[in-house]
Amino acid sequence: MADPHIQSPMDNWDNITVMIYRTGFIIAAFSVLLLTWFPNEAEIAILIAATCCASSLHIYLKHFRLTFQFATWIGLVCSILGWHELALGGALVTLGGLCFKEYFCFRVPLLNLQPIFVAILWFFWVFEGGILTRVLSIIVGVLLLLLAVQKLRMPLHFDIGDKTKYQI
């Protein structure tokens, strides 16, 4: 978690990657909300959202950063291979994990439970949970939207923190 009191110098790439990361949460919020109405389009958009977030992570600890990136890569490969349920799962692992991380910055109620919510959403999606899938997609989508709004309200440098602490 970045320390908001530390403002490392930011170059254009830092600004761009922070904006891409935040855009990922916006795309994710609306995509998850639309998952049960437009499943094919929403799945692709969720993969795009996870890719935005995973490609532009500013997490100090390398093993967490690589875990989220790897989950997204697996999701993208599964999508190419036509394994759409697994593709969605990989994207949701990334988005749920990042929501858990962001909970410690914003304390959005229930955001710390987002990994559980996305796991249940994925389970209901795979096993055709009907109305339960729709309810979970609304819960997950609203939490993603609340997070996106919180992210947009803060300065860009808050996402970067202290550049000297990053593990390469």
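The values are calculated or read from the model by the stated rules, or taken from the named source; none is laboratory data. Predicted model only: the values in this text are computed from it and were never measured. Note that we place each Cβ from the backbone using ideal geometry, even for glycine, and neighbour counts take in every protein chain shown.
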Item to check | Every residue from region 101-156 that is of a type in the set (Lys, Arg) and surrounded by fewer than 20 Cβ atoms within 10 Å (Cβ to Cβ) | outcome: LYS101, ARG107, ARG134, ARG153
Item to check | Pairs with Cβ under 7 Å, 6+ apart, first in region 19-36 and over 15 Å from GLU102 (Cβ atoms), second among the polar types (S, T, N, Q) and surrounded by fewer than 21 Cβ atoms within 10 Å (Cβ to Cβ) | outcome: ILE20/SER55; ILE20/SER56
Checklist entry - What residue, of ILE16, ILE44, ILE48, is more than 19 Å from PHE124 (Cβ to Cβ) and within 12 Å of the chain's Cα centre (by Cα)? => result ILE48
Next on the checklist: Here are the criteria: (1) buried (at least 16 other Cβ atoms within 10 Å of the Cβ); (2) in a helix (DSSP H, G or I); (3) not aliphatic (A, V, I, L, M). Tell me which single one THR36 does not satisfy.
Outcome noted: (2)
Checklist entry - ILE20: in a helix (DSSP H, G or I), closer than 23 Å to ARG153 by Cβ and either in contact with a Lys or Arg (Cβ under 6 Å, 6 or more places away or on another chain) or among the aliphatic types (A, V, I, L, M) (or both), yes or no? => result yes
Item to check | Yes/no for LEU110 being without any contact (Cβ under 8 Å) to a residue 40 or more places away in the chain and either of a type outside the set (A, V, I, L, M) or closer than 16 Å to SER137 by Cα (or both) | outcome: yes
Next on the checklist: Between a residue in region 65-78 that is farther than 18 Å from VAL118 by Cα and at pLDDT below 95 and any residue that is of a type in the set (Ser, Thr, Tyr) and surrounded by fewer than 18 Cβ atoms within 10 Å (Cβ to Cβ), which pairs come within a Cβ distance under 9 Å, given they are 6 or more apart or on different chains?
Outcome noted: ARG65/TYR166
